[in-house]
Ligand SMILES: *Cc1c(COP(=O)(O)O)cnc(C)c1O
């Protein structure tokens, strides 16, 4: 092959790269999509380090540091934290499969697709599922949750803190944990879209089990699910009459890989070594920034986003301001606007991802994530620019009632 041919091949290769990789890190802004756009750069570097053996003492040390970092993340003194090898769904399944025995009652708060999935999942593990429903875009009052717990005395009350399909934030304090305790109920919470973005206090609120994901507010690669259990939850796990119907996610076995009950480790599965490197780095970054500062940064980015959206005449899908989730923002698609065309234009022009709705909000909203590495003014401004251009392109005129200047 001549040098000319070589360089021609190189040019084609580069053309291919620039067609697919729009910016060095790929498109901006994950709403709640499956791809972890904008992974924190140092996490990518951590992931590229040489692989240690999954039972090798230096790797066990990394796992121990992860447990410690998670205790801070969850705001708990409980020794029972770990990463499930798998995405948020693996955390979800681990929580249900290990804490619910066949025939036991579980109340599932359903106000979007995540509650729906947990209701489905609990049925597969032969739970007696009671669905507590709220309209999409609404949350449950603590009073109604307490009343449902007192009435049914379920083994589990399951709630989603950040419903990313509709953009709602479920309140978990105000004595809900105590009410669950009094009824012999375990309080289990999905924080996949919210952990690190909004306040969470596992011990103070009396939460018994929590799972999350690595690729949302922790801005990591997908593949590890932060997980927590209270002493009460562990007592339930150890006292089960039946084995969990999943081997892969049996926490009695996974616990011995993470050293929950005794210092020596035993093999259950191969931990996702590179993803754990990235998670240890992510947790170190959280420690450096501090949770309070991290929550404040997310809130500020959310406020900046809504300031800009308001100026464009766009409105929130979630009616009650106290129910609005900081990390996943749902924006009403105005009449006469083609949401998909706007999203496509944002991607084609700016490599900015503006997700559409999911489940009950499909076709009604755009969803914009303000999460982790993207919860900063630059990323927010880029999204606003993309919205402005997309709306202008479609000739959309904001209602005069908004009282703002025309686009
Ligand atoms: C993304 C998400 C999940 C699922 O997480 P995966 O990592 O895709 O398995 C679960 N719950 C909520 C609230 C989410 O936003």
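The values are calculated or read from the model by the stated rules, or taken from the named source; none is laboratory data. Not measured: the values here are computed from a predicted model. Please note: Cβ atoms are built from the backbone with ideal geometry, for glycine as well, and neighbour counts cover all protein chains shown.
For residue 69, the test of being touching a helix residue (DSSP H, G or I) at 6+ places or on another chain (Cβ under 9 Å) and within 16 Å of the ligand (Cβ to nearest atom) is failed.
With respect to residue 79, is the statement that it is out of contact with any helix residue (DSSP H, G or I) (no Cβ under 9 Å at 6 or more places or on another chain), more than 11 Å from the ligand (Cβ to nearest atom) and assigned to a loop (DSSP other than H, G, I, E, B) true? The answer is no for residue 79.
Need at least 2 residues that are in contact with a helix residue (DSSP H, G or I) (Cβ under 7 Å, 6 or more places away or on another chain) and closer than 17 Å to residue 360 by Cα per element, so show me which helices (runs of 4 or more DSSP H) inside segment 86-187 make the cut, counting only ones lying wholly within it.
Hits in segment 86-187: 113-124.
Taking the listed residues 299, 305, the one that is in a helix (DSSP H, G or I) and surrounded by 18 or more Cβ atoms within 10 Å (Cβ to Cβ) is 305, with no other qualifying. Among the residues of this structure, residue 223 counts as one that is modelled with pLDDT of 95 or more, within 11 Å of the ligand (Cβ to nearest atom) and at positive phi.
Checking each residue of segment 57-73 against the condition of being at pLDDT 95 or above, buried (at least 19 other Cβ atoms within 10 Å of the Cβ) and assigned to a loop (DSSP other than H, G, I, E, B) gives no match. Residue 148 - would you say it is without any contact (Cβ under 8 Å) to a residue 40 or more places away in the chain, more than 16 Å from the ligand (Cβ to nearest atom), more than 21 Å from residue 81 (Cα to Cα) and over 23 Å from the mean Cα position of the chain (by Cα)? No.
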